[in-house]
Amino acid sequence: MRKGIAKIISAALCLSLCLTTPAYAADDVNFEETVIESEFTEESEVTEEEVPEEAVTVETEATSEETDAPCETEKETSGVMTDEEVEEILSDMPEEAVLSSDVIIDSEEIIGDGASLKEAQAGVYVASVDDTGILAAMSLQGFAYADAEYRWLVYDVTNQTWDVASDWREAGMNALMYKPGHYGDYILQAQARPASDGSTTEPEVEATANAGFTYHPALKAVCQMPDPEGRGYLIGLQTYESCKEAATCEMLILDCNKYVQGLDAWVYTTYPIALVDNSMWTTWNPEYGYYWTLFRIYDATGAMIDEVCYGFENVPKAPDPEPEPEPEPEPEPEGVTLSKLNCYAGIEADVTLDGTGTGCHAKLVICTATSAISFGIQYDKCAVAPYTDKTMIMEENILSNNAGGQKYYRPGNIEVQRGQKVHLILTYNQNGTGEMYCDGKLVGTYSNSGLKNKTVYLRVEGSGRKNGDTVDCLFENIKLKHKNKVGISTYYETCKTLKCYYDKNDYSTIRIKGYISGLASNQDWDNAYGKVSGLVQLNW
């Protein structure tokens, strides 16, 4: 994780170093020696005035059109490491720093939910990390924490040494408040053993858990962002008020591109400058590239007491991409159409039924003066169960106008919604048979002897059930067998308040709309079918 800034920079260039790069300790590089050997080529503009609060706490877009770097908000320096970072440090630990074999390093070996300490699931809960140190507690899932004794060890990653942060204490004391002696990365190891029973034999360690953290006694937060006033980059730091030792600070910037080329890479410095109100800000105009900023804090004697390193990028803004052309709509897959069906005659349309009240009906019709077959959509609030108050695909097979000569079916048992467009096809053969298609699928066939070897008429029809029911029947893309253009021959108004609407230049769309009126109180579409419809007879 922290094996030198050279490795970090190389990886950063390969992976397009981003502003959210975590902080890295700079202990593996002799920065002071490098700075002495370099001549800073950029002039700095350093200010001791307070930068407006919104420059720190608000994500401000870059004002320069030349850069595409997002705003970098304030970042806390101290914090808890991820499990992966802890594991990497432990795996890279020098042999001389590894604890003796009687101490279990891999806490993941301690799992389970049993009654004994060895079977408990151990962990470290970190409550806070700041300038005062780390506040943590050991948890033992599956074991009473009051029945165990605790010890805390701490590993100094910088010096590769272990120390006892807190030795064995009385049972139940599972918390730790620890303040390291200097800034850097640390690993805490919590150890637990059964509470002593008073014998002279010390209990063995039966559970351990690790947690890593980064400690900064002086640096509270840093900020790198495009200057809202367009003066390049605004870079700043803030120290803890509690850190009275902090007297001066310094910011140094390393150019990653020059570094990997073996050139003089330290291109900017503020030089040590006094802190004002625990903060300091500067602006700098970088060339396009990738950079690391080293933030340092010194005490009154000039000794460095804290530092942290963060990366940022200043790259050309990518041009706005050309808008992609709208994709050509994919042709709808060819399904069943009337022209492809082997039939003597037929009618096809996109049908939409809407309306209110107790019932409404939109249908395609093939008929003679005394017989008919219709195929459409019907809503009937009073239909027989289980179709009561439902909108269904409906077939009416009218063998004759005599009593009992009417048959009603719901082919395919298809329920739709009022206002939903449905593609319907009704065909006719001279032997009085035909087929019915709904949305490209065959859903039913019929046989009607009254249509056999007869001259038939093709119609669209809209109807309602009782007085006051509203009806809105829309027939679109109407096609007839052997004809692509529809002509209207007759419109029948059996109900004077149902009207027909169509374009005289294009008969492929017809609308029958209105409301039902003129019925007696005991009449409806079952016993007064000749008074509830609007019918359009089509040329074919």
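Details
- Residue, farthest from Trp284 (Cα to Cα), within segment 243-254, restricted to residues that are part of a strand (DSSP E or B) and open to solvent by less than 20 Å² (accessible area, probe 1.4 Å): Cys249
- Here Tyr409, Tyr428, Tyr457 are screened, and the one residue that is among the hydroxyl-bearing types (Ser, Thr, Tyr), surrounded by fewer than 21 Cβ atoms within 10 Å (Cβ to Cβ), touching a Phe, Trp or Tyr at 6+ places or on another chain (Cβ under 9 Å) and under 26 Å from Gly335 (Cβ atoms) is Tyr409.
- Strands (runs of 3 or more DSSP E) completely within segment 255-365 that count 2 or more residues being under 30 Å from Leu458 (Cβ atoms), out of contact with any Asp or Glu (no Cβ under 6 Å at 6 or more places or on another chain) and of a type outside the set (D, E, K, R): 345-356
- Some residue of segment 384-399 being surrounded by 14 or more Cβ atoms within 10 Å (Cβ to Cβ), assigned to a strand (DSSP E or B) and touching a Pro at 6+ places or on another chain (Cβ under 6 Å): yes
- Among the numbered conditions (1) open to solvent by 70 Å² or more (accessible area, probe 1.4 Å); (2) free of Cβ contacts under 8 Å to residues at least 40 places away in the same chain, the only one that Cys500 does not meet is (1).
- For segment 347-360, the criterion of being farther than 30 Å from Trp525 by Cβ, touching a strand residue (DSSP E or B) at 6+ places or on another chain (Cβ under 7 Å) and either open to solvent by 30 Å² or more (accessible area, probe 1.4 Å) or not aromatic (Phe, Trp, Tyr) (or both) is met by none of the residues.
- Flag for Glu229 being assigned to a loop (DSSP other than H, G, I, E, B), farther than 24 Å from Met304 by Cβ and either touching a helix residue (DSSP H, G or I) at 6+ places or on another chain (Cβ under 8 Å) or open to solvent by 10 Å² or more (accessible area, probe 1.4 Å) (or both): yes
- On inspection, Pro272 qualifies as open to solvent by 60 Å² or more (accessible area, probe 1.4 Å), touching a residue at least 24 places away in the same chain (Cβ under 8 Å) and touching a strand residue (DSSP E or B) at 6+ places or on another chain (Cβ under 6 Å).
- Any hit, segment 466-478, residues being open to solvent by less than 50 Å² (accessible area, probe 1.4 Å), in contact (Cβ under 8 Å) with a residue 24 or more places away in the chain, over 48 Å from the mean Cα position of the chain (by Cα) and more than 16 Å from Tyr379 (Cβ to Cβ): no
The values are calculated or read from the model by the stated rules, or taken from the named source; none is laboratory data. All values reported here derive from a predicted model rather than from experimental measurement. A quick note on method: Cβ atoms are made from the backbone with ideal geometry, for glycine too, and the neighbour counts reach across all protein chains shown. All accessible areas refer to the heavy atoms of the entire protein, side chains included, with ligands and DNA or RNA removed. Shrake-Rupley method; radii C 1.70, N 1.55, O 1.52, S 1.80 Å.
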